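Notes follow the structure.
We did not get these values from a lab; they are worked out from the coordinates using the rules stated. All of these numbers come straight from a predicted model, not from anything done at the bench. For neighbour counting, all protein chains shown are included, and Cβ atoms are generated from backbone atoms with ideal geometry for every residue, glycine included.
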């Protein structure tokens, strides 16, 4: 990769992060944000759900899958709803 391509990739990641964090802030779901590894963590009764807003990846229980802020919100809501039905 050239320096220009690397610079463009960094800009795209930052734009994705800003867009995803803006979406998360509009919803009433609590989370912690860690700048060290650019992750957002949702603590649920079914374990922590990690979301990486720069790469649009979600991690839960050792599995990683693609997803944006809307996807992680839906996923966390399903977990919360499922845990409340027990």
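For segment 47-86, taking the residues that are in a loop (DSSP other than H, G, I, E, B) and touching a strand residue (DSSP E or B) at 6+ places or on another chain (Cβ under 8 Å), the one that is nearest to residue 22 (Cα to Cα) is identified as 53. The set of residues from segment 10-31 being surrounded by 11 or more Cβ atoms within 10 Å (Cβ to Cβ) and either touching a helix residue (DSSP H, G or I) at 6+ places or on another chain (Cβ under 9 Å) or under 17 Å from residue 75 (Cβ atoms) (or both) comprises 19, 20, 21, 22, 23, 24, 27, 29, 31.
The residues of segment 39-50 that are surrounded by 11 or more Cβ atoms within 10 Å (Cβ to Cβ) and either more than 11 Å from the chain's Cα centre (by Cα) or touching a residue at least 60 places away in the same chain (Cβ under 8 Å) (or both), listed by number, are 43, 44, 46, 47, 48. Take the conditions (1) part of a strand (DSSP E or B); (2) without any contact (Cβ under 8 Å) to a residue 12 or more places away in the chain; residue 36 misses just one of them, which is (1).
Criterion first (without any contact (Cβ under 8 Å) to a residue 60 or more places away in the chain, surrounded by fewer than 13 Cβ atoms within 10 Å (Cβ to Cβ), out of contact with any strand residue (DSSP E or B) (no Cβ under 6 Å at 6 or more places or on another chain) and outside any loop (DSSP other than H, G, I, E, B)) does residue 7 satisfy it? I'd like the intermediate steps shown before the answer.
Details: without any contact (Cβ under 8 Å) to a residue 60 or more places away in the chain: yes; surrounded by fewer than 13 Cβ atoms within 10 Å (Cβ to Cβ): yes; out of contact with any strand residue (DSSP E or B) (no Cβ under 6 Å at 6 or more places or on another chain): yes; outside any loop (DSSP other than H, G, I, E, B): yes.
Yes, satisfied.
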